[in-house]
1. So which of Lys104/Lys140; Lys48/Lys80; Lys24/Lys48; Lys48/Lys129; Lys93/Lys129; Lys97/Lys128 end up more than 21 Å apart, counting from Cα to Cα?
2. Quick one: which residues, 5+ away or cross-chain, put their amide H under 5 Å from the amide H of Asn105? H built at 1.01 Å from N.
3. Label 7 Å along Cα→Cβ of Lys93; region 121-145 residues with amide nitrogen under 20 Å?
4. Taking only the alpha-carbon positions of region 35-75 and ignoring solvent, what does the Debye formula give for the base-10 log of I(q)/I(0) at q = 0.15, 0.23, 0.25, 0.29 Å⁻¹?
5. Over the alpha-carbon set of region 87-169, divide Rg by the Kirkwood Rh and report the Rg/Rh ratio to two decimals.
6. So how tilted is helix 2-40 from the main axis of the chain? Cα-based, degrees 0 to 90, rounded to 10.
7. Rounded to the nearest 10 Å², what accessible area does Thr156 show when all protein chains are kept and the probe is 1.4 Å?
8. Please compute the alpha carbon radius of gyration of region 60-99, then divide it by the globular-protein estimate 2.2 N^0.38 Å. Two decimals is fine.
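The values are calculated or read from the model by the stated rules, or taken from the named source; none is laboratory data. The structure displayed is predicted, hence computed values, not measured ones. Cβ placement follows ideal geometry from the backbone for every residue including glycine, while neighbour counts extend to all protein chains displayed. Accessible surface is based on the protein model in full, side chains and every heavy atom, while ligands, DNA and RNA are left aside. Shrake-Rupley method; radii C 1.70, N 1.55, O 1.52, S 1.80 Å.
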Amino acid sequence: MKNLILLLLLIYGSIYSQDESTLKEFALRDAKATSQASIDRNLSTILKYTHPQVYDAYGEKQLMDTMNEIFRTMDAQKIKILSSEIDEVSEIKKEGKEYRCLVKNTIKMDFNGRQVTLKSSLFGFYNKKRSHWYFVESNKLIDDPEIKKLFPDFRTDIEIPLDEHIADN
């Protein structure tokens, strides 16, 4: 009997670890696509990975208009994204009925001739039916009143770090 229980625990652990590994691979794949879309200013790809609650609340047109305005402002202020690298996908956690993770990234920008590095993160929500991760800028889940209205009961055991801005000398 003890051997049977041990065998079942080993099988469960093996299956969960494979699932977690696959979820991490998918999170990395989708985060890289999101990151590259930001550099390329590919709005349709950015929207593809935008959390449905954000998408549904604002709609495609308003989100596209907002992103275009952000890019126009960046151009006017001579801000250019030079690179965006995914540093790490955190441990995958099942919270409630969904899998979640934190994706840490490093964005290097040219800010009117001055190099600036931004260490930030995306909070990932997994859609099991689509094998697809959706993201929200993690700092917005903490301090953006509009996003907090869209996720009023948001709680997580995943530690969300504050964004860090580093001016290169």
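1. Among Lys104/Lys140; Lys48/Lys80; Lys24/Lys48; Lys48/Lys129; Lys93/Lys129; Lys97/Lys128, the Cα-Cα distance tops 21 Å for Lys48/Lys80.
2. Asp87, Ser120, Ser121, Leu122
3. Those under the cut-off are 121-128, 133-144.
4. -0.33, -0.75, -0.86, -1.06
5. Expressed as Rg/Rh, it is 1.04.
6. For 2-40 against the chain, the angle is about 10 degrees.
7. Accessible area of Thr156: about 40 Å².
8. 1.86
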